[in-house]
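Structure record follows, encoded as structure tokens.
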Amino acid sequence: MSTALPVPQPTERAGFWQRIHRMDESLFGLLLLAPTALIIAVFLLFPIAYAALMSVQQIELTISPDRTFVGVQNYVDLLGEEAVRASLARTLFFAATTVVSSIVLSVSLALLLNEPFRGRKLARVLVLLPWAVAPVVNGVMWRYLFQPNYGLVNAILLQLGVISRYQPWLDNPQFALTVAALATTWKQMPFLTLLTLATLQSIPDSLYRAAKMDGAGIWSRFVHVTLPHLRPSLIFIVLLQTIVSLQVFDLIFTLTRGGPAQSTVLLSYLVYINAFERLTLGKASAMAILLALLILFLSALSLLATLQRQPKSVNS
Amino acid sequence: MAPRLSLPWLRPSLIYALVLLFLLWAVAPVAWIATMSVQPEINYVSVPMRLSWQSVSLHWILEILRQPEYIQALQTSAIVSFMTMLVCLLFGSLAAYPLARLNVPHKNIFLVGTIITRTIPAIVLIIPMFLLMRDLKLLDTYAALIIVYTTFLLPYVIWMLKNFFEQVPPSLEAAARMDGCSRFGALFRVLIPVSAPGVVATAIFAFIGAWNEFLFGLILSTRLAVPITVKLSALVSASFHSDISLVAATGMLAILPVIALVFILNNYIVRGLVEGVKY
């Protein structure tokens, strides 16, 4: 058929578009993916490879600009270092507590917002607020909430008679990390609530009505209708929050700067200290790679859990 | 709509009480820093506090807005975020289209790749990225930030757009192609306009993601391309001897644009966030 059409002017431009038009579908698809693949390769994969390379080198810019290959020495050193082990334990503890607290709060809020009540729409908009706040500002905010001399928390607790004078919360090594966990929970609640709410709303009303007709009480409706539908997305939310919690950096930077007495030095902040304060780039890179592997490992673990549980929840 | 669980103990009054409690928790921290930004320091530093409506003033916010370096930081954040959004939408839709619609070999590699890249912490990339940008002579430029933010946001953007594109019936493009629409026409004249709400949601997501970023701005910029988040953190570090109301005002300026976007376009944002993680 195309032979019957007049041949277009063989300008370069027309030729280009013509060629694209006749291109094989899969080739055309790859062509569209090419710019993204290039960006990812140059600015993501290459830096990762470079970080991996630096992690097996000794680079201490305070001593000399030289780099020497040291193999896995950086990794061995790290695992033997008390500060690193403490930071790793602290990070895992921080992740575990924030995952639990933010999911308990978010699921409760989602269950509430799933009930019909007047003003529900407005409530759903207002709870989005923490999501909008940049993590850096979040740190500043919670720092001012818990300030020793003028914090809102101190003022309220004093008014209520819980404390007799203002407390330096953030100077207390036992309490500083709790404030960081509170701030993280606060910031993550809207997103996790939205995801849970979306799942809750996808449960058809007919299921609840049928269960009710069969004489199922509230508790058994929750256990047999709500929970099975919620379970796959719950596991997914746990995964998402674990990744976020293990990466927390901005918040610490403005909230406590790792203090007091290193009590809020999470792994990502320890990488920062080693890279940009101590200028030991090799060691910092090794630590960063370890953090990335930890996150990948935990992600894979919870993905596996999702895949294994999904068939069960569909059947039940 | 009928109550979902109709818990007998969950009477309307209890629902309201619990929702109010959650709202208080969600709003109070922002309300506090907002209060600090419009009150003289002495009002909230004194024990007990002496907050008053009479002394509410925009003095501190205007004071910050009078300083060229803060205007420059806000401008940097705005330009960089806007450009990041545009670049993300362009490359994102180009990549999402074949992933949603076309028969591409090894499609799964791309799909899984977009998920894995999200698990990589920024801190892993920051040292190589610093060296790379130094070698490219891009330190302290808008371009460096736009490139880095785009790299980080693209996997999310692609995933969101892919999910939105998949909701459009394929027959629409088929019909357009039949009527002589080109391949790019099918994408730009049919698929994107039809999924406009989704594209808007994705755009806002990219803009906010870029605006709120901190670490790369901290390391890659020193003077000329410092975003407002970094400017704020510098002010906080130096705030032992500066007016706290000024710090609070800067914090407010850093979050107000995003809060405005969220409240004006909340419907889009809710859809976008949910779509961005739907598998």
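Only the coordinates and a few stated rules stand behind these numbers; no lab work does. All values derive from a computational prediction rather than experimental measurement. Every residue, glycine as well, gets a Cβ built from its backbone with ideal geometry; the counts of neighbours run over all protein chains shown.
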- Could you give the distance between the Cα centres of the range A:223-258 and the range B:25-79, to the whole Å? 31 Å
- Enter the Cα centre distance for the pair the range B:262-277 and the range B:161-193, rounded to the nearest angstrom. 23 Å
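Count the net charge of all other residues whose Cβ sits under 14 Å from the Cβ of B:Leu153, scoring Lys and Arg as +1 and Asp and Glu as -1.
Working: positive: B:Arg118; negative: B:Glu213.
Value of the local net charge: 0.
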- Task: Mind checking which of B:Val104, A:Leu122, A:Thr36 is farthest towards the positive end of the protein assembly as shown's charge dipole, using Cβ charges of +1 (Lys, Arg) and -1 (Asp, Glu) about the Cα centre?
- Result: A:Leu122
- What FRET efficiency would be calculated for the residue pair B:Ile116, A:Thr68, taking the C-beta separation as r and a Förster radius of 35 Å, to the nearest 0.05? 0.65
- Item | Neighbour net charge for B:Leu191 - beta-carbon separation under 12 angstrom, K R +1, D E -1 | +3
- Query: Taking neighbour counts of Cβ atoms within 10 Å as a proxy for exposure, in what order, fewest first, do A:Asp250, A:Asp66 appear?
  - Reply: A:Asp66, A:Asp250
- Task: If a/c stays under 1.5 just call it rounded; otherwise compare a/b with b/c (prolate if a/b is bigger, oblate if not). Do that for chain A, with a ≥ b ≥ c from the square roots of the Cα gyration tensor eigenvalues.
- Result: oblate
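Please label the shape of chain B as rounded, prolate or oblate, based on the square roots a ≥ b ≥ c of the eigenvalues of the alpha-carbon gyration tensor (a/c under 1.5 means rounded; beyond that, a/b larger than b/c means prolate, else oblate). Kindly include the intermediate steps, with their values, before the conclusion.
Working: a/c = 2.39, a/b = 1.36, b/c = 1.75.
Oblate, because a/c is 1.5 or more while a/b does not exceed b/c.
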- Can you give the average number of partner chain beta-carbon atoms within 10 Å of each beta-carbon in peptide A:281-293, as a whole number? 3
- Message: Per residue of the range A:232-243, what does 6.51 cos²θ - 1.76 cosθ + 1.60 with θ = phi - 60° give for ³J(HN,Hα)? Whole Hz please, x for Gly and Pro, Karplus curve as stated.
- Response: x, 6, 5, 4, 5, 5, 4, 4, 4, 5, 4, 4
- Note on the structure: Residues B:Ser171, A:Ser245 in order from fewest to most other beta-carbon atoms within 10 Å are B:Ser171, A:Ser245
- Provide Rg and Dmax in Å for the protein assembly as shown, with only Cα atoms included in the calculation. 26.0, 94
- Message: I'd like to compare B:143-156, A:254-267: which one has the highest average count of other Cβ atoms within 10 Å, and what's the full order after that?
- Response: B:143-156, A:254-267
- Item | Ellipsoid semi-axes in whole angstrom, largest first, where each is sqrt(5λ) of the Cα gyration tensor of the range B:114-158 | 21, 13, 6
- Query: So if we plug the beta-carbon distance of B:Leu23 and A:Ile20 into 1/(1 + (r/R0)^6) with R0 = 41 Å, what FRET efficiency do we get, rounded to 0.05?
  - Reply: 0.20
- Sites B:Asp179 and B:Asp140, calculated FRET efficiency, Cβ-Cβ separation with R0 41 Å, nearest 0.05: 0.25
- Item | Phi-based couplings in Hz for the range A:38-54 (Karplus 6.51, -1.76, 1.60; Gly and Pro marked x) | 5, 4, 4, 5, 6, 9, 10, 5, 4, x, 5, 4, 5, 5, 4, 5, 5
- Query: With charges set only on the Cβ (+1 for Lys and Arg, -1 for Asp and Glu), what does the dipole of the protein assembly as shown come to about its Cα centre, in debye to the nearest 20?
  - Reply: 1340 debye
- Query: Suppose every K and R has +1 on its Cβ and every D and E has -1 on its Cβ; what is the size of the dipole of chain B about the Cα centre, in Debye to the nearest 20?
  - Reply: 640 debye
- Relative contact order for chain A using alpha-carbon pairs under 8 Å, separation at least 6, rounded to a whole percent? 26 percent
- Task: Answer with one residue from B:Ile219, B:Val230, B:Ser242: the one whose Cα lies farthest towards the positive end of the charge dipole of the range B:170-279, charges on Cβ with Lys, Arg +1 and Asp, Glu -1.
- Result: B:Ile219
- When the charge dipole of chain B is computed with +1 on Lys and Arg Cβ and -1 on Asp and Glu Cβ about the Cα centre, the Cα farthest towards its positive end, among B:Pro12, B:Ser57, B:Ile208, belongs to B:Pro12
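If we count other beta carbons within 10 Å of each Cβ, what is the order of B:Cys88, B:Cys181, fewest first?
B:Cys181, B:Cys88
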- Would you mind checking the range A:50-67 for residues with the amide N under 15 Å from a putative spin-label position 7 Å along Cα→C-beta of A:Leu293? A:51-57
- Rounded to a whole number, what is D in µm²/s for the range A:103-143 from Stokes-Einstein with the Kirkwood radius over alpha-carbon pairs (10 °C, 1.306 mPa s)? 135 µm²/s
- Query: Out of residues 5 or more away from A:Gln57 or on other chains, whose amide H comes under 5 Å of its own, with H placed 1.01 Å from N in the peptide plane?
  - Reply: A:Val70
- Sort largest first and round to whole Å: the equivalent ellipsoid semi-axes of the range B:130-227, each the square root of five times a Cα gyration tensor eigenvalue. 37, 14, 10
- In nm, give the distance between the simple-model label positions of A:Ala300 and B:Ile109, each being 7 Å from the Cα along the Cα-to-Cβ direction. 1.9 nm
